[in-house]
Amino acid sequence: MAENKLVIFDNDGTIMNSAPGITKCVQSALVRLGYPEPPAKELEVFIGPPLYEEFRAYAGMGHEEALQAVEYYRERYGTVGKFEADVYPGIPELFEKLQNAGCQIAVATSKPGIFTRQILEHFGLMHYIGYLAAPELSDTKSKKPELITSVLKWAGRLEERENVYMVGDRHYDMDGAVRTGITGIGVTYGFGSREELISTGASVTVGSAAELGDYLLGT
């Protein structure tokens with residue numbers, strides 16, 4: 001029954017195409033630290049993982065430099081970057097259908113909660129979201145399984161995890177689903193490939209919001 005379903009969404013690459021804002025902010029941070037400006041496409045690796053960890057992995061930064069990079073990133077992101085995004089086609093209609101069918105909708109994202117809430121409100125989606133699991137600005141190492149677990153606690157589903165789904169576009173999302181014992185649904189319209197999603201535990205992949213709705217609602 002749809003009314004027994006809890007659907008947890010990732011944000012970047014699943015609800016929002018946030019590539020323009022994220023990549024521009026990464027470029028700005030790198031340039032301010034003296035690095036050459038990389039092409040935007042190369043910086044899509046920053047979409048999904050915690051910023052601090054990705055700056056260290058991408059540029060080989062030490063602890064202090066990575067913290068500074070995150071600070072520079074957020075200076076731009078907090079003003080203009082957060083709204084340099086688009087909602088993927090069909091997402092508002094999908095949320096409406098899920099809500100009308102009695103599903104619980106939540107978001108679990110590595111993006112700080114203060115920004116995620118502002119973005120979802122700006123694009124008119126926050127009223128569909130029953131619970132938002134996201135790190136504080138000071139949290140540099142928030143992991144997807146921890147975020148999913150906080151959603152399960154909110155929904156009272158720690159013991160009963162049937163009909164609970166994690167929807168995302170990257171291996172972080174599918175790994176989080178596997179580690180928390182819920183069903184992972186990979187979306188291939190985001191920033192990860194079908195191969196990445198399947199190899200890290202996706203039970204199924206879908207290519208659009210409409211296809212996702214058909215899967216979740218059995219239509």
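With the convex hull drawn over the C-alpha atoms of the stretch 95-219, the volume per residue is 108 Å³.
Longest segment of the chain with no GluC sites (Glu not before Pro) in a DSSP loop having at most 12 other Cβ atoms within 10 Å? In short, 1-135. Volume per residue, Å³, of the convex hull around the alpha-carbon atoms of the chain? In the chain, the Cα hull volume divided by residue count equals 109 Å³. Treating the angle as unsigned and between 0 and 90°, give the value, to the nearest 10°, between the Cα long axis of helix 144-155 and the longest Cα principal axis of the chain. Approximately 40 degrees, to the nearest ten. Once the convex hull of all Cα atoms in the stretch 53-142 is built, its volume per residue stands at 106 Å³. Panel order for Phe46, Phe83, by other beta carbons found within 10 Å of each beta carbon, from fewest to most: Phe83, Phe46. Comparing Ala69, Ala134, Ala40 in a Gaussian network model of the chain (Cα springs below 10 Å), the most mobile by mean-square fluctuation is Ala40. Once backbone amide H atoms are built at 1.01 Å from N, Val206 has Gly186, Val187, Thr188 as its partners under 5 Å, excluding neighbours fewer than 5 places away on the same chain.
Note on Val80 and Ser138: with the Förster distance fixed at 35 Å, the Cβ-Cβ geometry gives a FRET efficiency of about 0.95. With neighbour counts taken as other beta-carbon atoms within 10 Å, the residues Ser138, Ser199 rank, fewest first, as Ser138, Ser199. Distance between the C-alpha centres of the stretch 86-141 and the stretch 1-41: 14 Å, rounded to the whole angstrom.
Please build a GNM for the chain, connecting alpha carbons under 10 Å apart, and tell me which residue among Asp139, Asp169, Asp12 fluctuates the most. With Cα springs under 10 Å in the chain, the top fluctuation among Asp139, Asp169, Asp12 is at Asp139.
Each Lys and Arg adds +1 at its Cβ and each Asp and Glu adds -1 at its Cβ; summed about the Cα centre, the stretch 173-219 shows a dipole of about 80 debye.
A simple charge model with +1 on the Cβ of Lys and Arg, -1 on the Cβ of Asp and Glu and nothing else charged puts the dipole of the stretch 1-157 at about 320 debye relative to its Cα centre.
With θ taken as phi - 60° and the Karplus curve 6.51 cos²θ - 1.76 cosθ + 1.60 applied, the whole-hertz 3J(HN,Hα) list for the stretch 189-205 is 8, x, 10, x, 7, 4, 4, 4, 5, 5, 5, 10, x, 4, 6, 7, 10 Hz, x standing for glycine and proline. Ellipsoid semi-axes for the stretch 19-83, based on the Cα gyration tensor and the rule √(5λ), read 16, 13, 11 Å when sorted largest first. Per 0.36 nm of contour for each residue apart, how much would the distance between Ser208 and Glu65 grow if the chain were fully extended, relative to their Cα-Cα spacing? Using 0.36 nm per residue and subtracting the Cα-Cα distance, I get 47.6 nm. Going by neighbour counts of Cβ atoms within 10 Å, the residues Lys144, Lys41, Lys97 line up, fewest first, as Lys41, Lys97, Lys144. Computed from backbone phi with θ = phi - 60° and the Karplus coefficients 6.51, -1.76 and 1.60, the 3J(HN,Hα) list for the stretch 42-50 is 5, 8, 5, 5, 7, 8, x, x, x Hz; x is used for glycine and proline.
None of the figures in this text is laboratory data; all of them are computed from the coordinates on show. The model shown is predicted, which means the values in this text are computed figures rather than measured ones. Reconstructed Cβ throughout: ideal geometry from the backbone, glycine too, with neighbour counts over all protein chains shown.
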